Structures are given as structure tokens and as C-alpha cells.
Amino acid sequence: MPDVLIGSYSAKFDASGRIKIPAKFREAIEQKYGRDLFVTSLSDESVQIYPLPVWLEMTGLTAEGAVHLRPDVRRFMLRVNRNGVRLELDPKGRVLINQALRDKAKLGDEVEVVGLSNHLEVWNKAVLDGVLEEKPLSDQDFESIARLIPRGKPE
């Protein structure tokens, strides 16, 4: 599964506000999705970097039709597109994260880039540690997660 974005790596911003995507993530993104990305923030705690095909699938037309016409979905789309931007990985594997997104997520020079299967999240390390400490996984969480995991057929 070389094209799955999992794990966590430290990274640094350069003077222009670009972050070099860790090599394992960059290779996986380019191999499976190409170089086009959508960079946004869903909650202001972190910045999300979506391969553009993932973002389009997530926000495009569905079997239910044009979900973006629903008021709640429309508010979501307004929020994520307000400071979101479509970008391309540069030849050195860097992507620009605009100042507004960096400020909202309290991103300093050094950050943590976390893989979440099909996209990345960029976090201020102290904020991430605080979120993980404040909201630890409970036994009920593990039970809920276990129900989501597909089970193979018994042989």
C-alpha cells in the first residue's frame, strides 16, 4: 500500500510560506493522484492538504445529486473555499500555505504533517498534542471504530 498516506513527519516552512511535503507522502500523492492539490482548513485547528481528485470526489456530485445545494453543505463549501486554494506541488515537492490559513491554525516555522489515508493535515505540534491529550480515545471510541472496519468472509 505505498499510495496510502499514513504516519507523521516533522516539517518546516521556508521564508515564503512553503512547506516541503515529506518524501513518503509526496511520492504516494504523485503516484496515485498527480501533483494538483487543494489546501484549506476545515476547523481552524489545522490545515488540510487534499489531492485534488480526493477533494473533487468528496465535494462533487453524488448519487443524491448536487449536494452542494443543501444549506449545510453550502455553508461548508463557503467556509473551506474562503481561504482554500488549488495549487500544484512544485518540482521540489513544496506547497504554499497562505498566511491566513497559517495564522488560523497557529502554524509556526516547524509543524507536524500527519497522513490520514487520503489527505494530509498540517498541525502546530503543541496544538496537536493538546487535542490528543484533551480528547483521548475511549473504549466506546474503539468499539465504534471496530464496527467500521470491514470484516472478511470466514473461510
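The values are calculated or read from the model by the stated rules, or taken from the named source; none is laboratory data. This structure is a prediction, so every number in the text was calculated from the model and none was measured. All Cβ positions, even for glycine, are placed from backbone atoms using ideal geometry, and neighbour counts span all protein chains on display.
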*residue 131 passes all but one of (1) more than 16 Å from residue 43 (Cα to Cα); (2) out of contact with any Leu (no Cβ under 7 Å at 6 or more places or on another chain); which number fails?*
(1)
*Regarding residue 56, is this residue free of Cβ contacts under 8 Å to residues at least 60 places away in the same chain, of a type outside the set (Ser, Thr, Tyr), closer than 17 Å to residue 113 by Cβ and surrounded by 12 or more Cβ atoms within 10 Å (Cβ to Cβ)?*
no
_Filter result for the condition that a residue is among the hydrophobic types (A, V, I, L, M, F, W, C) and within 26 Å of residue 21 (Cα to Cα), over 96, 69_ = 96
*Residue list for region 14-40, filter: surrounded by fewer than 17 Cβ atoms within 10 Å (Cβ to Cβ), in contact (Cβ under 8 Å) with a residue 60 or more places away in the chain and in a loop (DSSP other than H, G, I, E, B)*: 14, 16, 17
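Residue 82 - would you say it is surrounded by 12 or more Cβ atoms within 10 Å (Cβ to Cβ) and of a type in the set (Lys, Arg)?
No; evaluated as a whole, the condition is false for this residue.
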*asked:* Taking the conditions exactly as written (surrounded by 12 or more Cβ atoms within 10 Å (Cβ to Cβ), in contact with a helix residue (DSSP H, G or I) (Cβ under 6 Å, 6 or more places away or on another chain) and touching a residue at least 60 places away in the same chain (Cβ under 8 Å)), does residue 44 satisfy them or not?
replied: yes
*Scope region 41-65; condition farther than 28 Å from residue 134 by Cβ and not in a helix (DSSP H, G or I); matching residues*: 51, 60, 61, 62, 63, 64, 65
*asked:* Restricting to region 68-85, count the residues that are closer than 13 Å to residue 41 by Cβ and either under 16 Å from the mean Cα position of the chain (by Cα) or not in a helix (DSSP H, G or I) (or both).
replied: 7
*If you take the residues of region 39-52 that are among the hydrophobic types (A, V, I, L, M, F, W, C) and modelled with pLDDT of 95 or more, which of them is farthest from residue 87 (Cα to Cα)?*
47
